[in-house]
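**Q** Encoded as structure tokens, here's the structure I'll be asking about.
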Amino acid sequence: MATVRPPPLTSTSDPPPLFDGTTRLYTNYNCPYAQRVWITRNYKGLQDKIQLVPIDLQNRPAWYKEKVYPENKVPSLEHNGKVLGESLDLIKYVDANFEGPSIFPNDPSKKEFGEELISQVDTFTRNLFTSLKGDAVQQTSPSFEFLENALGKFDDGPFLLGQFSWVDIAYIPFVERFHIVLAEVFKHDITEGRPKLAAWIEEVNKIDAYTQTRIDPKEIVDIFKSRFLPQQQ
């Protein structure tokens, strides 16, 4: 059953009762960085413990910067009288400070490989977005080959560390978007010739914690066309 998503708060919206003891995840439905923490919250079963507060990034409420998070971006987490930010830090924070299944492996070799993949994720995402200024199909190919190779490291499951973990959560929002955009705009399937990547995407899409955070593919294409691909309008 689909969960009802609260409407995004805009410049005319009143703030929630800030710092009243409620834990709030300030997010945006279209933001891949915020999606990481949203998936983590869902996977750990914290829907009743961490309230989702969506912010309209095109029409932000002034109180968000003034009273909540001076960085004025999402995600941020209001918890125990303080507000924290940065998506990868928040994944760790939510995992360490709340109940629910851990998304961090115990196996030392998986921990080490996980850290290695996380150290590459910013370069991975930057390369994907940079590719849109040139030949997107050709320029994204090394990034998806990198994932295909990484997915061969452990054979006890289809995920990057074998079992579903924070590393999958860090990568999937960006793969989701480029999988859709490259197919719709450039008629290119990123999984062609990459069976492990295809299996990974298929398996992640069986996880409710993730699918509950997905946005309409048409919306993704529209966002990319307006922000990154004006020539494709």
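Read the figures in this text as sums done on the coordinates, not as results from a lab. For clarity, every value in this text was computed on a predicted model and none was experimentally measured.
**Q** In straight Cα distance, which lysines are under 19 Å from K67, not counting same-chain residues fewer than 8 positions off?
**A** Cross-link targets: K82.
**Q** Counting DSSP beta bridges in the range 23-97, what percent are antiparallel, to the nearest 5?
**A** 60
**Q** Roughly what % antiparallel, to the nearest 5, for the DSSP beta bridges in the chain?
**A** Roughly 60 percent of the beta bridges in the chain run antiparallel, per DSSP.
**Q** Distance check, please: which entries in K110/K196; K44/K206; K111/K153; K44/K92; K44/K153; K49/K111 exceed 21 angstrom between their Cα atoms?
**A** Going by Cα-Cα distance, K44/K153; K49/K111 fall outside the 21 Å limit.
**Q** Now for a different question. Given C-alpha coordinates of the chain, what is the ratio Rg to Rh with the Kirkwood estimate of Rh?
**A** 0.96
**Q** Rounded to whole Hz and in sequence order, give me ³J(HN,Hα) for the range 106-123 from the Karplus expression 6.51 cos²θ - 1.76 cosθ + 1.60, θ = phi - 60°, writing x for Gly and Pro.
**A** 8, 4, x, 5, 6, 4, 5, 5, x, 5, 5, 5, 5, 5, 9, 5, 5, 5
**Q** Follow-up question, since we're still on this one. Determine the shape class of the range 159-233: with a ≥ b ≥ c the square roots of the Cα gyration tensor eigenvalues, call it rounded for a/c under 1.5, and otherwise prolate if a/b is greater than b/c, oblate otherwise.
**A** It is prolate, given that a/c is not under 1.5 and a/b is the larger ratio.
**Q** Quick one: in the range 108-232, what % of C-alpha pairs are over 26 Å apart?
**A** The calculated P(r) of the range 108-232 puts 18 percent of pairs beyond 26 Å.
**Q** From the square roots a ≥ b ≥ c of the eigenvalues of the alpha-carbon gyration tensor of the range 46-108, which class results: rounded (a/c under 1.5), prolate (a/b over b/c), or oblate?
**A** The shape class here is prolate.
**Q** Hey, could you pull the Cα Rg and Dmax for the range 1-115, both in Å?
**A** Reported Rg and Dmax, both Å: 14.7, 50.
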